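Rule-based calculations on the coordinates, nothing more; no lab input. These numbers come from a predicted model, not from an experiment. Here the Cβ is made from the backbone with ideal geometry for all residues, glycine too, and neighbour counts use every protein chain on show.
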């Protein structure tokens, strides 16, 4: 779950697709097919732990047509079922859209992104919603979002809107995410990046055998990082933090366990999924 690859953007600390860079003229008229592979010490999606603190293997492929601005792609990562994907262990993202630049320093990017977790079962995610207490999820966990982004030089503002229930949380359609990203090339292979985002969750109220509460699941996340290109291998180190409510002692929403099965049974270990953490990654684009 990654943003458009502008300079040395994000480098595996978050999951959204790694879109292909537009080629520079005169090669810009030639369609571009690129791939990417990442090994990261942890996978954080919008600041939230997706691998229970364990390493992630990630990779994808992108096709872009600079003459029209159209692109499509796929990105994948290992995940933990306890992050809200019962019986699942892989995330698959499929995306497509259109982007262009104008007046040299400005850009626009619009598209759609579909998240799917093969083998997962949404039923254990069923909960109690203030408006629909009998809401019940079923099938494979997924999520469909539309997004629009505007950029100026090394700064990008992006807005994503869920047109389906947000990762199958009942009655959560309309959840949105606003983020501001900066990626600056320092030269000599060095880069710095920063991110701040906020999840605007619908008024979903949760209640299950292990979690009870009525606090909003909205939160803010942030990231600061540095990257170094070593002969085509980009090494990234970043700090990721959030104010998401994940205290396991209080039974808060973002307390995740190390596993979750189809029956709703959780693993024996639990962690605050929004806790601050340093993330180390190595990425290769080819």
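Table for the structure above
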quantity	calculated
Modelled label reach - residue 220, point 7 Å along Cα→Cβ, segment 234-276 residues with backbone N closer than 13 Å	241-244
For segment 27-285: span of alpha carbons on each principal axis (Å, largest first)	57, 32, 29
Convex hull of Cα atoms in segment 29-114, direction-averaged projection (nm²)	6.7 nm²
Difference of contour (0.36 nm per residue) and Cα-Cα distance, residue 148 to residue 103	14.3 nm
Those residues of segment 268-286 whose amide nitrogen sits under 13 Å from the label point placed on residue 32, 7 Å along Cα→Cβ	285-286
Cα→Cβ-extended label distance, 7 Å offset, between residue 228 and residue 248, nm	3.5 nm
Net length gained if the chain between residue 89 and residue 185 were fully extended (0.36 nm per residue, minus Cα distance)	31.1 nm
Calculated diffusion of segment 33-183, Stokes-Einstein form, Kirkwood radius summed over Cα pairs, 10 °C and 1.306 mPa s, µm²/s	94 µm²/s
